Amino acid sequence: MDRNNLIKWLKEPKKMGNKYSLWAVYFSTACGVIEVPPVLTSRWDAERFGVIPVATPRQANLFLITGYVTTKTLKAIIRTYEQMAEPKYTIGFGSCPINGGMYWDSYNTIKHLDKFIPVDGWIAGCMPRPEAIFIGVTKLWGMIDKGLATGYIRYREHYDYYRGNQERLFGSMEWPPLYSLKEGTHDE
Amino acid sequence: MAERELELIFGPQHLGMIGNLSISLNVEGDTILSARVNPGYLHRGFEKLMEYRNWIQNFPLVCRINMIESEPVEMVYAMAVEDLAGIEVPERAQYIRTMIQEMSRLSCHFTAAWAYTSILGFDTPAQWAMGDRDYLLDLFEDLTGARVYHIYNMPGGVRRDLPEGFEDKLLAFLDAIHNRLPDYNSTFFENRLFYERASGIGKISPEDAIEMGGTGQVLRGCGIKHDIRKLEPYAAYSDMDLEVPTREAGDAYSRVLVIRDEMVQSVSILKQCIEKMPSGKVYEKTPNPFKWKIPKGETYVRVESARGEFGLYLVSNGGNRPYRAHFKTPSFVHGLVILERLLKGANIADVGNIMLSLYVIAPEIDR
Amino acid sequence: MKFAEFIVSPILAFIIGVFLMGLSRRIMARIHRRYGPPLMQPVIDMIKLFSQKTISHGPIFDAGVILSLAGTIVLVLFIPFGGMCPLRTSGGLLVILYIMLFAPLGLALSGGEGANPNISIGISRKFILSLGYEVPFILIMLSVMTYYHTISAVDVVKAQSAFHWAIFSVPLFLPGLAYILIIPAMLGIRPFDLASAPQEISSGPMAEYGGKYLALAEIEHAFAIFITIGLFVDMFLGGSSNVFYFFLKVLVVFVIGLLINAVFPRFRTEQAVKFLWKWPSVMALAGLIIVLAI
Amino acid sequence: MNDMVDLLKSIFKGTDARTLGENRLSVTTPGESVLAVLDYLKASGFYQLKSISCVDWIDDNEFELVYHVASLERPLHIMVKTRIDRDKPVFPTAMSIFKNAGIFEREMHELFGVMFEGNPDLNPLFLDNWKDIPPFRKDFDMRKYVKDTYDSIPSFEEYKWQKEN
């Protein structure tokens, strides 16, 4: 650990802790997940950077949404995302969550993931290579440093927009709103 | 619901769930009273999407049905199109196809070994298996330009010839794998604790396996010598010296041992492919994809994927697109029929164990 | 001096425990043929976990975590290490035996509030497992106490000074071996991690812990590593009056445990109990009989 | 194989059988004799029901059900086909003959809306809250559905712009 890093640690331990200890939810949302095991195991070894998979969303703060999202999965994703502890970060992985990708005309996949939950960063490609995940994570570090990875704040502040879109798609939702639906309220 | 019964949702967000599938379990203590598999988290309606794209455009689409092993899907679609359009495939292309099928089978088995071991808590062989699989993906990248989805098979052959020096690289890899198999044997397959965990779990009788439509390891694990490569040889399998490994017990342990023996077989077939590889062209010219119309007809083709029979029922009405395509995937029956049956009365600790010994891969069920 | 021990001993124990946690991840990574995280990774994780906004499920949920942590910290005060043993006068090995049940009880309390089916399965597994290792553990304790005619841990350490280590004495060799076999079960690491099996029941009792609760649970785990192995060092490897030597002995035992951890999969519950009641219990019982016969 | 064709033609009235390629047999039969044909095939060694497909022939206003049965010893694969009315797609279940028929029928019920009488479990398999016509029917316009359902949802920028103005 060099000196600059040490100073950063003393100045902003919270930020640095969040940076170097990204615990990912283990959720194989879709086909992109096939490139996640190589990243976690011996060839690329993401544990070097503190990225490990954890069993429950309560413990996680990084959500890799790997690939296309069907309406049924979206429900599970929203539930998982709402259970995660703040601060939490999401990365959309692959072309499909960006704009539908290959499945732009499929009746069962949503086309734009960021209409339903906030996304901090995108990794394009089908499949993106494992290196791309590292680039994505390092970009996320930079964003955390500069205070730009604020998806979870956006979700809280514009919850009416996100919840509205979710309800519009699902019709009715089985669980109550996470935050109050009045605009701009902070539910602390 | 009885007093001590709990409803436990296993997946889709779960460390023990490989793929995106959900199983709801009724448990009492550690015992499962009943299970219901709830698929559909990955349903994209492939067969409908195919009706909207022309014959060639479908190639990048179909390989995405199975993320772990995309080759058999491409193969089955290419074979169906060739059958309907009456295209002959050059011999060298057949050999290359055989080769890439077996490479893909090996990589799929490595993934399965990773998944299986990590679910049981064997960290070490899990990490090794994933690491070794990556060398194979490097070879794929060399050959086709992509790691996961290759889009290498085309109607009339394969997209391009082997790159220079590819055979040597493949042989070096095969030797390395051959040297590594004893390591896997001692840490995983012949580990006493693994035997304790897997033997007697998920037992299925041959009659039930046939009745419920099992294929692949499910049949071979209970002593039935059934392999499409042998029964109805496609590509260049009729020239290959191939043994069908079987085990008698019908439990998870025997299914895993069948998988191990298949890996040995795949290594041997790959060596034979390199040895017998004929020269010649690898691609038969097909018409302009945008104007290509295939005569009216229907066909059913099938290949042996790493998990069992992979079939495609393809109907053409004489247009430039498929009229109807329907995939018969091995995981559909294994996951929705056999898994539900075997989970009844099992221990919670064995959900992943049984699921992976049946080789259930979620996108294949949902399509 | 005595008062300082109350503060120094837990702090040192915590540092050793956290270091061992970091080291274990590093060693496991090397066995897996990869590089592994930095040694400080557990500290980084704890800093992050403490800075997170956490969700509580009610007062009992909080109380359970605190009870389990408090029980474990109190336990540290009973372990003689490096010449320190703050609570040397109040009871000895027998008290340790009882306080050891605090941690699972605390987890069970907060688990009841968490209302996640995974937790209740995990808790029941945890209790079945502790039933499994308590039997050999009590037998081991009994044979050590009978052999040295004392229930005080400090006196046990004293009796072994000048390399009269219990593990090399004929009557206590088998109980020592039995203790090594139950260390993974007491720590809940592989092959006995069935209570917190992440791949089966989403890490069981920890399923609803996040943020600060998880950090407290990690701290508890760090202490538990120190206590379980420290107790072994005290009872069988002659303890030490020097903190550094004590630490070295702990390290050696820990690495042996890790190597076992690396090559085995997880037991099923009944298999685990069967194993624990078979080998370690028989060994400990044989040791006790030999001790009584002498 | 040719004797199989003749045999099937002679036993079941109105049944037409023809070979497709080397190892494929396509049997077309009227609706009422499908189960009898399947039963006969199972008795003569075709133990496995591989799949049940459905084809929507919208021009003829008919659904075609295709039962794929195969034997484990011979490389022969038989497709038993029958046509049913598209306006009233009801057909008896094959669960009494093949145990695993239920799951294929459940899939076809969801994707085509074919009703299988006697099947106790026809719950939705893949889709969640589906309210439109069954998606695999030819008259279901997928692209229009996508436009109406997904593309009409406002993006975050649109939402902000609306709020500011």
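Within the stretch A:101-108, does at least one residue satisfy the condition of being more than 9 Å from every other protein chain (Cβ to nearest Cβ) and open to solvent by less than 20 Å² (accessible area, probe 1.4 Å)? No, the stretch A:101-108 contains no residue that is more than 9 Å from every other protein chain (Cβ to nearest Cβ) and open to solvent by less than 20 Å² (accessible area, probe 1.4 Å). Among the residues making up the stretch B:216-237, those that are facing chain D (nearest Cβ under 8 Å), open to solvent by 10 Å² or more (accessible area, probe 1.4 Å) and either on the phi > 0 side of the Ramachandran plot or in a loop (DSSP other than H, G, I, E, B) (or both) are B:224, B:232. Looking across the stretch D:98-132, just one residue is within 12 Å of chain B (Cβ to nearest Cβ), surrounded by fewer than 18 Cβ atoms within 10 Å (Cβ to Cβ) and of a type in the set (A, V, I, L, M, F, W, C), and that is D:130. The set of residues in the stretch C:227-257 that are over 20 Å from residue C:185 (Cα atoms) and in contact with a Pro (Cβ under 7 Å, 6 or more places away or on another chain) contains only C:239.
With respect to (1) under 27 Å from residue A:16 (Cβ atoms); (2) modelled with pLDDT of 85 or more; (3) surrounded by 14 or more Cβ atoms within 10 Å (Cβ to Cβ), the lone exception for residue A:165 is condition (1). For the stretch A:55-66, the tally of residues that are open to solvent by less than 10 Å² (accessible area, probe 1.4 Å) and out of contact with any Ser or Thr (no Cβ under 6 Å at 6 or more places or on another chain) stands at 3.
Taken over the stretch B:239-273, residues that are under 21 Å from residue B:104 (Cα atoms), open to solvent by less than 30 Å² (accessible area, probe 1.4 Å) and touching a residue at least 40 places away in the same chain (Cβ under 8 Å) amount to 13.
The condition of being open to solvent by 20 Å² or more (accessible area, probe 1.4 Å), facing another protein chain (nearest Cβ under 10 Å) and either farther than 25 Å from residue B:274 by Cβ or out of contact with any strand residue (DSSP E or B) (no Cβ under 6 Å at 6 or more places or on another chain) (or both) does not hold for residue B:111.
Within the stretch B:23-46, track down each residue that is within 23 Å of the chain's Cα centre (by Cα) and not in a loop (DSSP other than H, G, I, E, B).
Those that are within 23 Å of the chain's Cα centre (by Cα) and not in a loop (DSSP other than H, G, I, E, B): B:23, B:37, B:38, B:46.
Applying the condition of being open to solvent by less than 10 Å² (accessible area, probe 1.4 Å) and within 9 Å of another protein chain (Cβ to nearest Cβ) to the stretch D:28-51 and asking which residue is farthest from residue D:109 (Cα to Cα) yields D:48. Scanning the stretch B:313-328 for residues that are open to solvent by 10 Å² or more (accessible area, probe 1.4 Å), at positive phi and in contact (Cβ under 8 Å) with a residue 40 or more places away in the chain turns up nothing. The set of residues from the stretch C:153-181 being surrounded by 20 or more Cβ atoms within 10 Å (Cβ to Cβ) and hydroxyl-bearing (Ser, Thr, Tyr) comprises just one member, C:179. Exactly one residue out of A:114, A:120, A:145 is in the same structural domain as residue A:70 (by TED's automatic domain parsing) and open to solvent by less than 30 Å² (accessible area, probe 1.4 Å), and it is A:120. Filtering the stretch B:201-215 to residues that are in a loop (DSSP other than H, G, I, E, B) and open to solvent by less than 50 Å² (accessible area, probe 1.4 Å) leaves B:201, B:202, B:204, B:205, B:212, B:213, B:214, B:215. When the residues of the stretch B:51-61 are filtered to those that are touching a residue at least 40 places away in the same chain (Cβ under 8 Å) and assigned to a helix (DSSP H, G or I), the one that is most open to solvent (accessible area, probe 1.4 Å) is B:60.
Could you please let me know if residue B:71 is touching a helix residue (DSSP H, G or I) at 6+ places or on another chain (Cβ under 9 Å), away from chain D (no Cβ under 14 Å) and either without any contact (Cβ under 8 Å) to a residue 24 or more places away in the chain or surrounded by 21 or more Cβ atoms within 10 Å (Cβ to Cβ) (or both)? Spelling it out, residue B:71 is indeed touching a helix residue (DSSP H, G or I) at 6+ places or on another chain (Cβ under 9 Å), away from chain D (no Cβ under 14 Å) and either without any contact (Cβ under 8 Å) to a residue 24 or more places away in the chain or surrounded by 21 or more Cβ atoms within 10 Å (Cβ to Cβ) (or both).
What helices (runs of 4 or more DSSP H) completely inside the stretch B:247-347 contain at least 1 residues that are farther than 20 Å from residue B:201 by Cβ?
Numbers: elements: B:252-276, B:330-333, B:339-343.
So the answer is B:252-276, B:330-333.
In the stretch C:105-140, what residues are within 11 Å of chain B (Cβ to nearest Cβ), farther than 16 Å from residue C:210 by Cα and not hydrophobic (A, V, I, L, M, F, W, C)? Answer for the stretch C:105-140, where residues must be within 11 Å of chain B (Cβ to nearest Cβ), farther than 16 Å from residue C:210 by Cα and not hydrophobic (A, V, I, L, M, F, W, C): C:117, C:120, C:122, C:124, C:125. The sole residue among C:22, C:17 that is away from chain A (no Cβ under 14 Å), touching a helix residue (DSSP H, G or I) at 6+ places or on another chain (Cβ under 6 Å) and in a helix (DSSP H, G or I) is C:17.
Taking first residues from the stretch B:95-111 that are within 21 Å of residue B:189 (Cα to Cα) and partners that are among the basic types (Lys, Arg), the Cβ contacts under 6 Å between residues at least 6 apart in sequence or on separate chains come to B:107/B:133; B:110/B:133. For residues that are open to solvent by 10 Å² or more (accessible area, probe 1.4 Å) and facing another protein chain (nearest Cβ under 10 Å), scanning just the stretch B:337-360, find the one that is nearest to residue B:23 (Cα to Cα). Looking at residues that are open to solvent by 10 Å² or more (accessible area, probe 1.4 Å) and facing another protein chain (nearest Cβ under 10 Å), I get B:340.
Count of the stretch A:42-53 residues, restricted to those that are within 9 Å of chain C (Cβ to nearest Cβ) and open to solvent by 10 Å² or more (accessible area, probe 1.4 Å), is 8.
Let's see how each residue does on (1) more than 22 Å from residue B:123 (Cα to Cα); (2) at pLDDT below 85; (3) within 12 Å of chain C (Cβ to nearest Cβ); (4) touching a strand residue (DSSP E or B) at 6+ places or on another chain (Cβ under 6 Å):
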| position | (1), (2), (3), (4) |
| --- | --- |
| A:9 | yes, yes, yes, no |
| A:29 | yes, yes, no, yes |
| A:71 | yes, no, no, no |
| A:88 | yes, no, yes, no |
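A single entry from C:51, C:68 fulfils the requirement of being in contact with a helix residue (DSSP H, G or I) (Cβ under 8 Å, 6 or more places away or on another chain), open to solvent by 20 Å² or more (accessible area, probe 1.4 Å) and of a type in the set (Ser, Thr, Tyr): C:51.
Only one of the numbered conditions (1) open to solvent by 10 Å² or more (accessible area, probe 1.4 Å); (2) more than 27 Å from residue B:39 (Cα to Cα); (3) within 14 Å of chain C (Cβ to nearest Cβ); (4) not aromatic (Phe, Trp, Tyr) is violated by residue A:22, and that is (1).
The values are calculated or read from the model by the stated rules, or taken from the named source; none is laboratory data. Predicted model, so just to flag it, every value in this text is computed and none were measured. Counting neighbours? That spans all protein chains shown, and the Cβs are built from the backbone with ideal geometry, glycine included. The protein model used for the area step is the full one, side chains on, heavy atoms only, and it has no ligands, DNA or RNA in it. Shrake-Rupley method; radii C 1.70, N 1.55, O 1.52, S 1.80 Å.
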